[in-house]
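Following: one structure in structure tokens, then a few remarks.
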There are 2 protein chains.
Amino acid sequence: MRARDLAVDYEAVSIDSDALVAARLMAEHKLPGLLVLDEHGRPRAILPASQMIKVLVPGYVIEDPALAPVVDEKHADQLCRALAGRSVGDCLPVDAPPPPIADPDDTALEVAALMARVRSPLIAVADQAENGTHLLGVVTAAHLLHELLKASGS
Amino acid sequence: MRARDLAVDYEAVSIDSDALVAARLMAEHKLPGLLVLDEHGRPRAILPASQMIKVLVPGYVIEDPALAPVVDEKHADQLCRALAGRSVGDCLPVDAPPPPIADPDDTALEVAALMARVRSPLIAVADQAENGTHLLGVVTAAHLLHELLKASGS
């Protein structure tokens, strides 16, 4: 069982995509995060849904939750306006690391070891050739668990 | 919109549950993690699927991935045996923090602020009374995003 066999399609957005479209995608598909691709289609980052929530909440409320009641309900209903005119790239933390990338030929154990080491819920599988990076798909922790359980007949 | 209205059912396991049963639950429902309850039914931790993967991978392979090919395919197919006889509690990191807990009366903004502050994909909603803690459900980041988008008509 190789990474290429484990890779499945996963919702991905470009770093230039509209932040509101990305938020809708997460919300509709109940995704804990999205894979973000750079302008060349290379895996650039993982955007967790909790980070999207962070973009919506006024900074002073995150720092001091006691101020939350100060924001009236009408304003609270309009939190998503914070996404208007923003791109996915604008929503990423400045220090967002690139997602871990496995080689298509990596074994299931190598993918599992990479996932365990970086504690990532998601590994991108990509061919990294001289002429560019070609994304094959992703391996989620739950999917890898599924395949490992199947392999061991559990 | 209050935390009690946002809370939904979520797959939870007891800290004493069989680890293999918990792994199957994650795999079958494609869950990025499970809510772990203590012996009194109180939220105790979140067990990410990536942590479950970590339990399966031999420690020396996590430390030195170059050793992965040393593990032959037959052994690799039996990784899930690492779960036999273990409980969910055995799979948690020793320093696993309790999950963030919102009060049922907290507003959506308070829940969002808590989620943003602790960068958690999941918030438990529970009544914390003197006679014990009563879990109402959880709010996932994707579900909260869904409700906030709906409230703002986006």
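Just so it is clear, none of the values below were taken in a lab; they were calculated from the coordinates. Everything numeric here is computed off the predicted structure, so don't read it as measured data. Positions of Cβ are generated from backbone atoms using ideal geometry, with glycine treated the same way; all protein chains shown enter the neighbour counts.
Out of curiosity, is B:LEU83 more than 7 Å from chain A (Cβ to nearest Cβ), crowded, with 17+ Cβ neighbours inside 10 Å and not acidic (Asp, Glu)?
Answer is yes for this residue.
Given (1) part of a loop (DSSP other than H, G, I, E, B); (2) within 13 Å of another protein chain (Cβ to nearest Cβ), identify the lone condition not met by B:GLY41.
Evaluating B:GLY41 over (1) part of a loop (DSSP other than H, G, I, E, B); (2) within 13 Å of another protein chain (Cβ to nearest Cβ) leaves (2) as the failure.
Does the range A:52-78 hold any residues that are in contact (Cβ under 8 Å) with a residue 12 or more places away in the chain, surrounded by fewer than 21 Cβ atoms within 10 Å (Cβ to Cβ) and part of a helix (DSSP H, G or I), and which are they?
A:VAL55
For B:ALA142, work out the one condition from (1) crowded, with 22+ Cβ neighbours inside 10 Å; (2) touching a residue at least 40 places away in the same chain (Cβ under 8 Å); (3) part of a helix (DSSP H, G or I); (4) not acidic (Asp, Glu) it doesn't fulfil.
The single condition B:ALA142 does not satisfy is (2).
All but one of (1) part of a loop (DSSP other than H, G, I, E, B); (2) of a type in the set (A, V, I, L, M); (3) over 13 Å from the mean Cα position of the chain (by Cα); (4) within 12 Å of chain B (Cβ to nearest Cβ) hold for A:LEU31, so report the exception by its number.
So A:LEU31 meets the others, but not (3).
Scan the range A:1-28 residue by residue and report those that are farther than 18 Å from A:PRO100 by Cα and in a helix (DSSP H, G or I). Talk me through it step by step, then tell me what you get.
Keep residues of the range A:1-28 that are farther than 18 Å from A:PRO100 by Cα, which gives A:1, A:16-28.
Listed by number, the residues that qualify are A:ALA19, A:LEU20, A:VAL21, A:ALA22, A:ALA23, A:ARG24, A:LEU25, A:MET26, A:ALA27, A:GLU28.
Given the residues B:PRO93, B:PRO98, which is the only one that is of a type outside the set (Ser, Thr, Tyr), farther than 30 Å from A:HIS75 by Cβ, away from chain A (no Cβ under 14 Å) and surrounded by fewer than 19 Cβ atoms within 10 Å (Cβ to Cβ)?
B:PRO98
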